Each structure stands twice: as C-alpha cells, then as structure tokens.
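S.K.: Dropping the structure in here first, questions after.
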Amino acid sequence: MPGGVMTGRFWLLKSEPSTYSIADLERDGHTAWDGVRNYRARNLIRDQLAVDDLAIFYHSSVEPPGAAGLLRIAARPVPDRSQFDARSPFFDPRATRDAPRWWSVEVAFVERFATIVPLGILKEHPELSGMMVTQRGARLSIQPVEPSHFRVVLRLARARLHARTRRIPV
DNA sequence: GCCAACGTTGGC
DNA sequence: GCCAACGTTGGC
C-alpha cells in the first residue's frame with residue numbers, strides 16, 4: 001500500500017459507475033455506501049467490515065467491468081437511512097427504527113487506478129482463479145478478498161500503469 | 001438486449 | 001419448510 005503496511009481484512013465493493021464511480025468517490029473524498037439490499041451483503045456490512053479495512057472499488061455493468069481503485073472503510077456501520085425514506089427507491093416498509101433491516105457504511109477514497117484492471121484480465125491470472133469475482137455468477141455486491149488476491153490485483157494495477165508509461169515516446 | 005445464475009416471495 | 005414463480009444482477 002502507498003505509505004503503509006497492509007493490515008486488517010480486504011473486500012471488493014461493486015458499483016455501477018453510471019450510478020457512482022471511483023471518479024465520484026475521488027471527487028467526494030468519502031461517501032455512504034448505502035442501498036445494499038441483499039442479506040449476505042448486509043451481514044458483511046453489519047458484522048464484518050471493520051474501520052480501516054481496504055476494499056477494491058469494482059465497476060460493474062460497464063464495458064469493461066473491472067477493478068477501478070481502492071477505498072477504505074471509514075466508520076462503524078449505521079442503519080441505512082434510505083430504508084426509512086418513503087420517497088427513496090431503497091425504501092423498505094418492513095424496516096423500523098428499532099429494528100432496521102439494512103445497514104450502510106461510510107467509505108473513504110484511497111486510490112484511483114491509472115487504468116481499470118478489467119475482469120477479463122483478472123480471469124486470465126491463475127493466482128486469481130479462486131477469487132470470488134472471477135467466478136461465474138458471483139453476484140454478491142460485497143465480497144471478501146483473500147490478502148494474496150488483493151496483492152495480485154494491486155500488482156496488476158501497477159503493471160498496467162508501467163506498461164502504459166513505457167509506451168509514451170520520450 | 002439476451003439470458004444464466006442468483007435471490008426473494010408467497011402459496012400451500 | 002418446500003419450491004415454483006417472479007425479479008434482479010451483471011457478463012457477454
């Protein structure tokens with residue numbers, strides 16, 4: 001990692017860049033990761049994500065899909081406010097303040113990769129054959145990432161940067 | 001836009 | 001508690 005040792009656990013958070021991209025997070029600095037309406041992902045937010053954990057910001061439903069940058073978990077999880085907002089597309093009439101169903105977490109910008117590391121590239125690497133995002137049908141929007149997989153993705157992000165830089169005529 | 005793989009809902 | 005029907009995700 002830039003300027004430090006990697007500690008804590010690693011994650012991958014998916015977002016459609018047409019909704020919210022790594023460029024948006026770079027501009028905003030931090031944002032509430034809300035609107036998650038899947039129980040497994042909810043459980044990870046509520047029970048597993050820890051402050052200062054690092055995550056790959058993954059762009060989905062775009063060409064190409066892939067790893068776009070890094071973010072950091074910035075705070076403890078809180079009930080997702082959008083579940084109580086009748087005008088929100090994420091409104092959930094079954095949720096109450098006493099028994100919230102959905103949780104969100106504040107995340108902070110860490111890094112925007114110089115170039116996206118496309119899913120197709122991730123799938124080419126044997127070291128990533130066990131990574132959840134490279135599996136067929138892996139729809140979970142918040143995924144745990146093995147430290148070794150995390151490092152390989154970082155290495156690929158740097159390698160792509162260098163490959164590009166080398167092509168620039170002097 | 002297609003459609004396979006997933007998730008959720010709701011009748012029974 | 002099963003499972004068919006429906007809805008969604010997301011790569012292609």
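S.K.: Cβ-Cβ distance below 7 Å, separation of 6 or more or different chains: which pairs start in the range A:30-52 with a residue that is touching a residue at least 40 places away in the same chain (Cβ under 8 Å) and under 15 Å from A:Ala95 (Cα atoms) and end on one that is in a loop (DSSP other than H, G, I, E, B) and of a type in the set (Val, Ile, Thr)?
M.R.: Final answer for the pair search is A:Arg42/A:Val36.
S.K.: Filter the range A:15-58 for residues that are surrounded by fewer than 17 Cβ atoms within 10 Å (Cβ to Cβ) and within 13 Å of A:Glu111 (Cα to Cα) and give the result. Write out each step before concluding.
M.R.: Pass one, the range A:15-58, residues surrounded by fewer than 17 Cβ atoms within 10 Å (Cβ to Cβ): A:16, A:18-20, A:23-24, A:26-30, A:32, A:37-40, A:43, A:47-48, A:50-52.
Correct list: A:Ala23, A:Asp24, A:Glu26, A:Arg27, A:Asp28, A:Gly29, A:His30.
S.K.: Kindly provide the set of residues from the range A:85-128 that are of a type in the set (Val, Ile, Thr) and within 16 Å of DNA strand B (Cβ to nearest atom), ordered by number. Step through it out loud before you land on a result.
M.R.: First, the residues of the range A:85-128 that are of a type in the set (Val, Ile, Thr): A:96, A:105, A:107, A:110, A:115-117, A:121.
Within the range A:85-128, A:Thr96 is the sole residue that qualifies.
Results for (1) surrounded by 21 or more Cβ atoms within 10 Å (Cβ to Cβ); (2) within 14 Å of the chain's Cα centre (by Cα); (3) not in a strand (DSSP E or B), shown as yes or no for each residue.
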position: A:Pro64; (1), (2), (3): no, no, yes
position: A:Ser82; (1), (2), (3): no, no, yes
position: A:Arg87; (1), (2), (3): no, no, yes
position: A:Phe91; (1), (2), (3): no, no, yes
position: A:Val107; (1), (2), (3): yes, yes, no
position: A:Val110; (1), (2), (3): no, yes, no
position: A:Lys123; (1), (2), (3): no, no, yes
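S.K.: Tell me which residues, restricted to the range A:93-105, are polar (S, T, N, Q) and in a loop (DSSP other than H, G, I, E, B). Write out each step before concluding.
M.R.: So in the range A:93-105, the residues polar (S, T, N, Q) come out as A:96, A:104.
Within the range A:93-105, just A:Thr96 meets the criteria.
S.K.: Among the residues of the range A:80-102, is there at least one that is closer than 21 Å to A:Thr19 by Cβ and touching a residue at least 60 places away in the same chain (Cβ under 8 Å)?
M.R.: For the range A:80-102, residues closer than 21 Å to A:Thr19 by Cβ and touching a residue at least 60 places away in the same chain (Cβ under 8 Å): present.
S.K.: Take A:Val78 and tell me if it is surrounded by fewer than 19 Cβ atoms within 10 Å (Cβ to Cβ) and over 20 Å from A:Phe91 (Cβ atoms). Talk me through it step by step, then tell me what you get.
M.R.: Working: surrounded by fewer than 19 Cβ atoms within 10 Å (Cβ to Cβ): yes; over 20 Å from A:Phe91 (Cβ atoms): no.
Considered against the rule, which asks whether it is surrounded by fewer than 19 Cβ atoms within 10 Å (Cβ to Cβ) and over 20 Å from A:Phe91 (Cβ atoms), A:Val78 comes out as no.
S.K.: So the check is Cβ under 8 Å with 6+ separation or different chains; which pairs have a first residue in the range A:136-158 that's assigned to a loop (DSSP other than H, G, I, E, B) and a second one that's more than 16 Å from DNA strand B (Cβ to nearest atom)?
M.R.: Going by the 8 Å Cβ cut-off, the qualifying pairs are A:Glu146/A:Phe10.
S.K.: Answer with yes or no whether A:Ile56 is closer than 26 Å to A:His30 by Cβ, in contact (Cβ under 8 Å) with a residue 60 or more places away in the chain, of a type in the set (A, V, I, L, M) and part of a strand (DSSP E or B).
M.R.: Answer is yes for this residue.
S.K.: Tell me which residues, restricted to the range A:98-141, are farther than 24 Å from A:Pro79 by Cα, within 16 Å of DNA strand C (Cβ to nearest atom) and of a type in the set (A, V, I, L, M).
M.R.: Selection gives A:Ile116, A:Val117, A:Leu119, A:Ile121, A:Leu122, A:Leu128, A:Met131, A:Met132, A:Val133, A:Ala138.
S.K.: Against the condition without any contact (Cβ under 8 Å) to a residue 24 or more places away in the chain and closer than 29 Å to A:Ala159 by Cβ, how does A:Asp24 come out, does it pass?
M.R.: Working: without any contact (Cβ under 8 Å) to a residue 24 or more places away in the chain: yes; closer than 29 Å to A:Ala159 by Cβ: yes.
Yes: the conditions hold for A:Asp24.
Bear in mind that the values in this text are calculations on the coordinates, not laboratory data. Values in this document were obtained by computation on a predicted structure and should not be read as measured data. Quick reminder, even Gly has a Cβ in these numbers, built from the backbone with ideal geometry, and neighbours come from all protein chains shown.
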